[in-house]
Each structure stands twice: as C-alpha cells, then as structure tokens.
Amino acid sequence: MVVIYVDRTRKAEIDLKREISFIINTKAKDPRIGFITVTDTKLSADFKWLDVFVSIMGEEYEINRSLEGLKNCCGFLKKNLLRRLKLKSIPNIRFLYDKSIDTGMRISEILETLDKDK
C-alpha cells in the first residue's frame, strides 16, 4: 500500500484550482473571458492570497482582455468558492498569465525546424 502525503496548503491549492477552473468555464458570463486553462495555484503561507496561473489562447490583446475580465469577476469567484468549499475564508485572488505553454510551443517549433533542416 502506497500512502501519498499532501500537506494542507497543497491540498487547498489543488481544491481551489479545480473549483476555480470549473466556475470560470461553466458559470462566468463575462464576454471578455476567452478560452482559459487554470495551470496552477499558489497559496500564501497565511492563506490570505491566492495566485492563480492561467494559460490563455489568443493574441496579446485577447490575453489582456481576458485577464481584465478575470480580475473583475474575483468577487463572483470568491462567492462561489465560499459555497462550494468548506474553508473558513476565501483568499484574495490574483490572476497571473502563465507563459510556460507558449514557451513550450515555441521550443517545439524550433526543434521541428531543426529536424527538417537535417
């Protein structure tokens, strides 16, 4: 039997990631919010702040527009999270654009062009 230990903070981060992703994709109605994937969450040590890393498809204008829409729906998200999760309080949410997927795609394109040159 394998027992996997997940500390309290990481468990809360995983739960918050799952729920935020669900709420954004099913309940948020802001037209500025485009196709968004929640890639990670990081809770501060005091549980007062939650950094939500998101990947957004589109050009820079669409990315900025989606981030603005997400920023404006933080109250809506907190209200829904309070209903869905059993936490004493919901942390303040900051959305951060995760460039790792863009970087990975760019690296893949470079590797493909190098492979074609051989």
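A few points about this structure:
- Residue tally, condition in contact with a strand residue (DSSP E or B) (Cβ under 9 Å, 6 or more places away or on another chain), among the aliphatic types (A, V, I, L, M) and either modelled with pLDDT of 90 or more or farther than 22 Å from residue 44 by Cα (or both), over region 1-27: 4
- Residue 71 being at pLDDT 90 or above, touching a strand residue (DSSP E or B) at 6+ places or on another chain (Cβ under 7 Å) and in a helix (DSSP H, G or I): yes
- Just one of the listed residues (66, 55) is assigned to a helix (DSSP H, G or I) and surrounded by 15 or more Cβ atoms within 10 Å (Cβ to Cβ), and it is 66.
- Contact map, region 47-74: first residue touching a residue at least 60 places away in the same chain (Cβ under 8 Å) and aliphatic (A, V, I, L, M), second residue crowded, with 16+ Cβ neighbours inside 10 Å and assigned to a loop (DSSP other than H, G, I, E, B), Cβ cut-off under 9 Å, separation 6 or more or different chains; the map is empty.
The values are calculated or read from the model by the stated rules, or taken from the named source; none is laboratory data. Just so it is clear, the structure is predicted and the values come from calculations on it, not from any experiment. Glycine also receives a Cβ, built like all others from the backbone with ideal geometry; neighbour counts cover every protein chain displayed.
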